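Below is one structure, written out as structure tokens; the observations come after it.
Bear in mind these aren't lab numbers, they're just calculated from the coordinates by the rules spelled out. A quick note: this is a predicted structure, and the numbers were derived from the prediction, not measured. Quick reminder, even Gly has a Cβ in these numbers, built from the backbone with ideal geometry, and neighbours come from all protein chains shown.
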Amino acid sequence: MKPLILILCLLAAPVWAVEPDEILEDPALEARARSLSKGLRCMVCRNESIDESNADLARDLRLLVRERLVAGDSDREVIAYVVDRYGEFVLLRPTGTGSNLALWLAGPAMLVAALGVSAVYLRRRSNLQGRGENLSEDEEARLKEILEE
């Protein structure tokens, strides 16, 4: 029973990140704030969203998102405001445009290049192995002597 309670507490930990004084009275705005918060990175925790993080900066960002929503900003405007302030690193899923496009394409390009280099290497290696089969009798005898030493 105790391990089950511990597991449930650990799974519910991200729910505790949003404090009661942060929650908006309007359920629709709160739902929008929660969905936006799940896409923004905590600058302290790095791989957690601000919705999951207990860091002070994450709390400030959650409050900022809610302020912008109460002020009447659309979801895009809120995200643009946060990105303008903190940079694109704050997005858990960065855009695939501009300088990020090079980063998105670098992985597949490196894979294709590695496959090409491997294919060339294996082809040359198989060509070199084929040449060793045509040894004269003297060369075969010398090779046997070297291998026995």
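Please report 138, 26, 73 as a ranked list, fewest other C-beta atoms within 10 angstrom at the top and most at the bottom. Let's see the in-between values first.
Working: 138 8, 26 12, 73 15.
If I rank by nearby Cβ atoms, fewest first, I get 138, 26, 73.
Quick one: which residues, 5+ away or cross-chain, put their amide H under 5 Å from the amide H of residue 48? H built at 1.01 Å from N.
Here the answer is 42, since their amide H atoms fall under 5 Å of that of residue 48.
So what is log10(I(q)/I(0)) for the range 99-148 at q = 0.32 1/Å, when the Debye sum runs over its Cα atoms only?
-1.05
How long is the gain from residue 76 to residue 104 if the chain were fully straight, where each residue apart is worth 0.36 nm and the alpha carbon distance is subtracted? Present the calculation step by step, with values, prior to reporting the outcome.
Details: separation 28, 0.36 × 28 = 10.08 nm, distance 2.23 nm.
Full extension from residue 76 to residue 104 adds 7.9 nm.
I'd like the distance separating the alpha-carbon centroids of the range 32-63 and the range 91-149, in whole Å.
Cα centroid of the range 32-63 versus Cα centroid of the range 91-149: 45 Å apart.
Order these peptides, 110-119, 27-36, by their mean beta-carbon neighbour count within 10 angstrom, highest first.
Numbers: 110-119: 10.0, 27-36: 15.3.
The densest-packed peptide leads the list: 27-36, 110-119.
Report the extension gain between residue 92 and residue 135 in nm, rounded to one decimal, defined as 0.36 nm multiplied by the number of residues separating them, less their alpha carbon distance. Please report the intermediate quantities before stating the final value.
On the way: separation 43, 0.36 × 43 = 15.48 nm, distance 6.20 nm.
Extra length from residue 92 to residue 135 when fully extended: 9.3 nm.
Rounded, prolate or oblate for the range 12-90? Axes are the square roots of the Cα gyration tensor eigenvalues, ordered a ≥ b ≥ c, and the cut-off for rounded is a/c under 1.5.
Numbers: a/c = 1.86, a/b = 1.05, b/c = 1.78.
Judged from the Cα gyration tensor, the range 12-90 comes out oblate (a/c at least 1.5, b/c at or above a/b).
So, in nm, how far is label residue 67 from label residue 44 when the simple model puts each one 7 Å beyond its Cα toward the Cβ?
Placing both labels 7 Å along Cα→Cβ, they lie 1.8 nm apart.
Quick check for me: using +1 on Lys/Arg Cβ and -1 on Asp/Glu Cβ, what's the dipole size of the range 12-90 about its Cα centre, in debye to the nearest 20?
Numbers: 11 positive and 17 negative charges, 57 e Å.
For this selection, approximately 280 debye.
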